[in-house]
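The values are calculated or read from the model by the stated rules, or taken from the named source; none is laboratory data. All values derive from a computational prediction rather than experimental measurement. Glycine also receives a Cβ, built like all others from the backbone with ideal geometry; neighbour counts cover every protein chain displayed. The accessibility values were calculated without ligands, DNA or RNA, using every heavy atom of the protein model including side chains. Shrake-Rupley method; radii C 1.70, N 1.55, O 1.52, S 1.80 Å.
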Amino acid sequence: MSSKGAAPPSAAAPDPPRRTGRRQQRVAAAVLLTPFTALLVAVFLVPVGYAIYLSLFSEDHEGLGFGGGRTVFTGLRSYLSVLQDPSFLSGFGTIALYCVIFVPLVVISALALALLLDSGLVRMRRTAQMLVYLPHAVPGIIAAVIWLYLYTPGLSPVIKLFAQADITIDFLGLHTVLPSIVNIALWSGLGYNMIIFYAALQALPREVIEAATIDGAGGIRTALQVKVPIIRGSLVMVCMFSLIAALQLFTEPMLMNQATPMVNSRFTPNMYIYDAAFRRNNYGLASAASIILLIVTCVLSYAVTRWSGRRERRA
C-alpha cells in the first residue's frame, strides 16, 4: 500500500522552560562554586588530611640517635602525648585568660566607636575611620616590633616618661605581659571590627531610627535598644572571628619570647606547635597538636553559632 498521506516523524519535543531554567541554575551554581571548592580542597582539606597522616607516624632513631631514622606507625600515641603534656594544657589556660580579656574589649570598643561614628556626633567621619583603621593595615610582626620597643626598659620613651613622674611600670613583668599582648592585638584589630559594625549600622533602615526618635528615645537608648539588637548577626560574627584569632595567637608572644622570660617557647598552643616542629623536629607531635587545636576551634565556633541561633529563635 502507498504511504501517501502518512505524517512525517515528529521532532523531539523541546524541554519545558522550567526544566531549562533549573539546568541553567545548576550550571551557574557549579561555575560559581568551583573556585571556592578548589581553594577549600587545596588550602584546607589537603593540609588537614596530611597533618592527620603525619600525626599517626613518628621518627624512630636507633642507638643514641645518631643513626638513620625510620618512620614508624604510632597510632594515637602523639595525641596522648600532647594531651598529657602540662605545657600544652597551660598554653590553653593562657589562651583562655587572653580571650576573657581580649574578646570583650575588642567587641565593646569597636561597637562603641561604630555607634559614635554612626550617631553623627563625630566630625570628619571619613578621616576618623581611616585613622582608626590604619593600625590594621600595619603587618602584625611590624606592630609587635613597634610595641616591643615601647615596652622595653631603657629604650621606651613611655617608661622614661613614667619614671619622671616617679611611676615604675614593667610592661613585660609576670602580671603585665599578657595585658601588654592584649594591647597589641587590640591596637591592630580594633579598626577592622569597627568597620564591620559601622557597615552594618549604615545598612539599617532610617525609618526605624526615625520612629525611635519620634517615640522619644534619646541617642543612647536608640543605640542600645534599637541599633544593637538589629545588628546582632554582625556582633556574633565579630565575636567568633575574635575568638578564632585569639586561639591562633602567635606573632606577639613569639617576639616577646626573646625579650622577657615571662613568655616561654610554649606560651600558647601555636608556639607549642612551632617548638615541636622546628626546634624538636617532632612533626608527628606538632601535627597532633595542630589537629587538636583545629578541633577546639571548630567546637567553639559551632558553640557560638548555636548559641546565637537559639537567642534569635527566642527573640
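Observations
- Scanning segment 200-215 for residues that are free of Cβ contacts under 8 Å to residues at least 12 places away in the same chain, outside any loop (DSSP other than H, G, I, E, B) and within 32 Å of the chain's Cα centre (by Cα) returns a single hit, Arg206.
- When Leu111, Leu76, Leu64 are screened for being under 20 Å from the mean Cα position of the chain (by Cα) and either at pLDDT below 95 or open to solvent by less than 40 Å² (accessible area, probe 1.4 Å) (or both), only Leu111 passes.
- Residue match in segment 283-300 (condition: closer than 30 Å to Leu155 by Cβ, aromatic (Phe, Trp, Tyr) and in contact (Cβ under 8 Å) with a residue 60 or more places away in the chain): no
- Annotation: Cys99 fulfils all but one of (1) assigned to a loop (DSSP other than H, G, I, E, B); (2) crowded, with 16+ Cβ neighbours inside 10 Å; the unmet one is (1).
- Those helices (runs of 4 or more DSSP H) of segment 113-173 in which 2 or more residues are touching a residue at least 24 places away in the same chain (Cβ under 8 Å), β-branched (Val, Ile, Thr) and assigned by the TED database to the domain that holds Ala212 occupy 140-151.
- Here Met262 passes the criteria (1) among the hydrophobic types (A, V, I, L, M, F, W, C); (2) open to solvent by less than 40 Å² (accessible area, probe 1.4 Å); (3) farther than 30 Å from Phe57 by Cβ; (4) assigned to a loop (DSSP other than H, G, I, E, B) except the one numbered (2).
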